[in-house]
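I have placed the structure first, in the form of structure tokens, so that the comments after it can refer back to it.
Each reported figure results from applying straightforward, stated rules to the coordinates on display, with no laboratory input. Just so it is clear, the structure is predicted and the values come from calculations on it, not from any experiment. Every residue, glycine among them, receives a Cβ derived from its backbone with ideal geometry; neighbour counts consider all protein chains shown.
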Amino acid sequence: MIYNCRKATFLIEKKQLTVLTLREKIELRIHLSGCSFCRLFQKQSIGINKMVYELFHQAVNREIRLDDDYKKKLQERIEEQLDKN
Amino acid sequence: MSIPDSEETLTTAPVILDPQHWVANHADYLFSYAITRINEEEQAQDLVQETFLAALQRIHKFEGRSSERTWLTAILKNKVIDVYRKKSSGLGKNITSLDTEQQDQDFFDPYDGHWKKSHCPEPFGIDTNDPLMNKELKSILQKCIQKLPALWLSVFTMKHMDEESTELICEELRVTPSNFWVIIHRAKLNLRACLQKNWI
């Protein structure tokens, strides 16, 4: 029996990052039509990917800032290097 | 020095590097880039410094075809990958054990491959559009991501944050393509379970 949940969740992940083969597409569709758990898994998996995307693309707006002292030191090091050149 | 006419500056003016102002212009951006990928403050700080210093040494190689920030970010990105590689190389021996389906047994019945009753997905707050709830869910997600084993975390972040090609990830982290998919699958199974467990 190839239409099991382990395989289906594997294909759900693969599908979000690449193109499935025709056979894989059919296998997944047949499984999902009869398995509400994997349908829920798919919905949540897509939701997680969306959240992950937002997490890392909004990071810059989240006002993460480098410590001011550290910046001062960085600036000094850069100027030091520039003087050498 | 002659001033080029304005039309020319718009189309062809090469970007000129301004290292005097790198810290003021890019340090916070680079730090937030690093910290979201590494999640260790001290190491992220070090990477920002290393990036600036490496950039200074390569300043003559800058061709002015990308913006200053893009160029600096590319240097930082390679440094982040180096960190991933170091963190995950110690796990090299465990990769082979990923081939067995043993770890799936947490989630699936070893005989028929269906969900174990105790691990079946259940509905939780992931599909609501409540921004406040969403914010909380995201902070849980972030913690769940950090719990992943180093190699999985590296594969997952490279794929999802930077949308790197599968080939590049496999090459950089020395993972076979089939193991790549196994890792992506396992990582998501674990993340989803972690969210369900820690939500509410």
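Note on A:E76/B:E122: beta-carbon distance plugged into 1/(1 + (r/R0)^6) with R0 of 45 Å gives a FRET efficiency of 0.25. D by Stokes-Einstein for the range B:19-90, Kirkwood Rh over Cα pairs, 10 °C, 1.306 mPa s: 127 µm²/s. Projected label points at B:K143 and B:T176, each 7 Å from Cα along the beta carbon direction, are separated by 3.7 nanometres.
Considering every residue in A:66-77, what mean count of other chain Cβ atoms within 10 Å of its Cβ is obtained? Could you put the intermediate results ahead of the total?
Details: counts 13, 4, 0, 0, 8, 7, 1, 3, 8, 7, 1, 5.
The per-residue average across the peptide is 5.
Each label point was placed 7 Å from the Cα along the Cα-to-Cβ direction; for A:T21 and B:A74 their separation is 3.7 nm. Starting from a Cα-only point model with no solvent, please compute log10 I(q)/I(0) by Debye for chain A at q = 0.15, 0.20 1/Å. These q points yield log10 I(q)/I(0) values of -0.67, -0.93. Computed over the alpha carbons of the protein assembly as shown, Rg followed by Dmax gives 22.6, 78 Å.
In plain terms, the chain from B:E40 to B:F62 could stretch by 5.0 nm, reckoned as 0.36 nm per residue minus the Cα-Cα distance.
Taking label points 7 Å from Cα along the Cα-to-Cβ direction, B:K86 and B:D109 give a separation of 4.7 nm.
Using helices alone, what [θ] at 222 nm do you get for the protein assembly as shown, with -39,500 (n - 2.57) per DSSP H run of 4 or more residues, divided over all residues and rounded to the nearest 500? Could the numbers behind the result be given before it?
On the way: 12 runs with 186 residues, N = 285.
Helix contribution divided over all residues of the protein assembly as shown: -21500 deg cm²/dmol.
Each of B:D130, B:D106 was scored by other Cβ atoms within 10 Å of its Cβ. Listed from fewest to most, they are B:D130, B:D106.
Could you sort out which of A:K50/B:K79; A:K71/B:K197; A:K7/B:K86 sit more than 28 Å apart by Cα distance in this structure? List each step's numbers first, then the result.
Working: A:K50/B:K79 26 Å; A:K71/B:K197 40 Å; A:K7/B:K86 31 Å.
Listed pairs above 28 Å: A:K71/B:K197; A:K7/B:K86.
Amide H contacts of B:F108: B:K116, each under 5 Å away and 5 or more positions distant or on a separate chain (H built 1.01 Å from N in the peptide plane; Pro and chain starts excluded).
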